[in-house]
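Engineer: Just passing along the structure, written as structure tokens.
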Amino acid sequence: MDFHNFRFSNITNVSVNFLLFFGILHPKFNSAWVVLKYVIRVSTIMGFLFGGMVLSEILKLLHSLNDLEKLMDSLFLTVTNLVSIVKFISIVRNERKIMKLLAQIDKREFRPKSQHQKNILESNIKAANVIALIVYSGCFVTVLFWVISAVIGDEVSLPVPSYIPFELTSTPVFVITFIYESIATLIGGFSNLSADCLMISFVIVISAQFNILNDTIENLERFCEEEFMEKRMRIDRRSPEFQNLMNKKLIGCIEHYQCITEFSKTTNDLFSVTIFLQLFLSIVIISSTLYEISTGSITSQVKTFSMCAYLFCILGEIFPVCYFANEINEGSSRLTTSAYTCDWVDCSVEFKKNLLTFMTRTQKILRLYAGNFVEISLQMFMKIIKSSWSYWAVINQVDK
């Protein structure tokens, strides 16, 4: 079967389109008009709106250092946006490498070899899209309820704690500032999640490729038989033609494995530092968010719900990375067993030598690391949750 037109790179469409819209990834500058539109869009969205909002949050944080409640109220969103800036800088600096990774997703070695493998890849594309839909929806709901809670409170206030260098006594000034904060906060959330979804998509690609590689090497003989049937050749498993095809497909598996390891290394190099910051600072963000939720009064149920939605978004950023990194570990560890279970007994000596080489190389399990020293896995996710809970308990004790 020919899957030449299958585009596994569709897995990154949502995140890439958002990153292009926000100007974190730039389009092809074919004309001066394209350049001008890009500069205007980036200056407005990422400069005036997002940049101005982050600056006001930092100033608010500095003015709240002597008040624990106000400090925790400002800390969670400020830290999130500062981590976002690090992500954006990393993407801008490594844009060429990211574009190469996007192109590699559709290379010959990564294409499905059967309908079953195509279904596997399509299910992973669907998973990436569902994750994106969930976190973007969570972000929108969070900002929406921040806005609602600011309006229906005892006193109408701004949706997000920030330092405002001018008086808000005038109604038009207050309304303009309110709208500015709402839009800027939504842009900050969507741009941050776009960077995360791109990273998650790359991790899903690696996990999916290990799944189809395991399937290919377990069914080498069946794939050879199907190719013989397509060519209407007589199937004789001991014939030189059949043995040569088996060896050819095994070499294809070895090349596929090399492509996966190269893709994984590039991905790890690109996002290792940002993943480390995301995982480490998520402890601060989660604990401060839990503090905000636990101190919410009965009259601020909308605010409490919005903070729960925000906490859901934070978990939605880190859990998929940890989950699919764990899937990579399992898929990589199965390769040696998959290779051994293929029908190698009656194969040629050359095939057996190549198979032994492959099995020797795949005994080293491929893992993703945050900061090049912390292994990303579900165990790491549980440690983050436990640490966040512990820090929240300490903060509650200090507050009392």
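Read-outs: derived from the displayed coordinates by stated rules, not from any lab. Everything quoted here is computed from the prediction, not taken from an experiment. All Cβ positions, even for glycine, are placed from backbone atoms using ideal geometry, and neighbour counts span all protein chains on display.
Engineer: Calculate the radius of gyration of the Cα atoms of segment 32-137 to one decimal place, then report Dmax, the largest Cα-Cα distance, as a whole number, both in Å.
Structural biologist: For segment 32-137, the Cα-based Rg and Dmax read 20.4, 63 Å.
Engineer: Go ahead and estimate [θ] at 222 nm for the chain from helices alone: -39,500 (n - 2.57) per DSSP H run with n ≥ 4, summed, over the residue count, rounded to 500.
Structural biologist: -26000 deg cm²/dmol
Engineer: Follow-up. Mind listing which trypsin sites (Lys or Arg not before Pro) in segment 23-55 are in a DSSP loop and have 16 or fewer other Cβ atoms within 10 Å?
Structural biologist: Hits after loop and neighbour filter: LYS28.
Engineer: Which whole-angstrom value gives the distance between the alpha carbon centres of segment 234-283 and segment 97-127?
Structural biologist: 12 Å
Engineer: Follow-up. What residues have an amide H closer than 5 Å to that of GLU375, excluding those fewer than 5 places away on the same chain, when H is modeled at 1.01 Å from N in the peptide plane?
Structural biologist: When sequence neighbours closer than 5 places are left aside, the close amide H contacts are ALA370.
Engineer: Oh, and also: Can you sort VAL302, VAL130 by how many other beta carbons sit within 10 Å, fewest first?
Structural biologist: VAL130, VAL302
Engineer: Full-extension gain between HIS116 and GLU167, please, as 0.36 nm times their residue separation minus the C-alpha to C-alpha distance.
Structural biologist: Working it through step by step, the gained length comes to 12.0 nm.
Engineer: Turning to a different aspect of this structure: Give or take rounding to whole Å, what are the principal axis extents of the alpha carbon atoms in segment 182-241, in descending order?
Structural biologist: If we take the Cα atoms of segment 182-241, the spans are 70, 19, 12 Å.
Engineer: Taking the Cα centre of the chain as origin and charging only Cβ (+1 Lys, Arg; -1 Asp, Glu), how large is the dipole, in debye to the nearest 20?
Structural biologist: It comes to approximately 1160 debye.
Engineer: May I pose another question? Do any trypsin sites (Lys or Arg not before Pro) in segment 316-376 lie in a loop, going by DSSP, with at most 14 other beta-carbon atoms within 10 Å of their beta carbon, and if so which?
Structural biologist: Within segment 316-376, the qualifying trypsin sites (Lys or Arg not before Pro) (loop, at most 14 other Cβ atoms within 10 Å) are LYS364.
Engineer: Sticking with this structure for a sec: Stretch ARG93-VAL273 to full length: gain in nm at 0.36 nm per residue minus the Cα-Cα span?
Structural biologist: 63.5 nm
Engineer: When only Cα pairs under 8 Å and 6 or more residues apart are kept, what is the percent relative contact order across segment 245-400?
Structural biologist: Value for segment 245-400: 38 percent.
Engineer: With the cut-off at 19 Å, tell me which of the pairs LYS249/LYS353; LYS248/LYS364; LYS100/LYS265; LYS231/LYS352; LYS37/LYS87; LYS100/LYS364 have Cα atoms farther apart than that.
Structural biologist: The pairs that break the limit, which is 19 Å between Cα atoms, are LYS248/LYS364; LYS231/LYS352; LYS37/LYS87; LYS100/LYS364.
Engineer: Also, quick follow-up: Would you mind calculating the gained length between ARG238 and GLU375 on full extension (0.36 nm times residue separation, minus the Cα-Cα distance), in nm to one decimal?
Structural biologist: 44.8 nm
Engineer: Next question, about the same structure. Report the Cα-based extents of segment 330-371 along its three principal axes, largest first, to the nearest Å.
Structural biologist: Between the extreme Cα coordinates on each principal axis of segment 330-371 lie 45, 15, 8 Å.
Engineer: Considering only ALA184, ILE131, SER348, whose Cα is most displaced toward the positive end of the charge dipole of segment 8-399, charges sitting on Cβ of Lys, Arg (+1) and Asp, Glu (-1)?
Structural biologist: Towards the positive end, the residue furthest out is SER348.
Engineer: In what sequence do ASP67, ASP343 fall when counting other Cβ within 10 Å, fewest first?
Structural biologist: ASP67, ASP343
Engineer: Classify segment 8-399 from the C-alpha gyration tensor, please: rounded if a/c falls under 1.5, else prolate or oblate depending on whether a/b exceeds b/c.
Structural biologist: prolate
Engineer: How would ILE85, ILE45 line up from fewest to most surrounding beta-carbon atoms within 10 angstrom?
Structural biologist: ILE85, ILE45
Engineer: If packing is taken as the average count of other Cβ atoms within 10 Å, what order do 154-163, 209-218 fall into, highest mean first?
Structural biologist: So the peptides 154-163, 209-218, ranked by packing, come out 209-218, 154-163.
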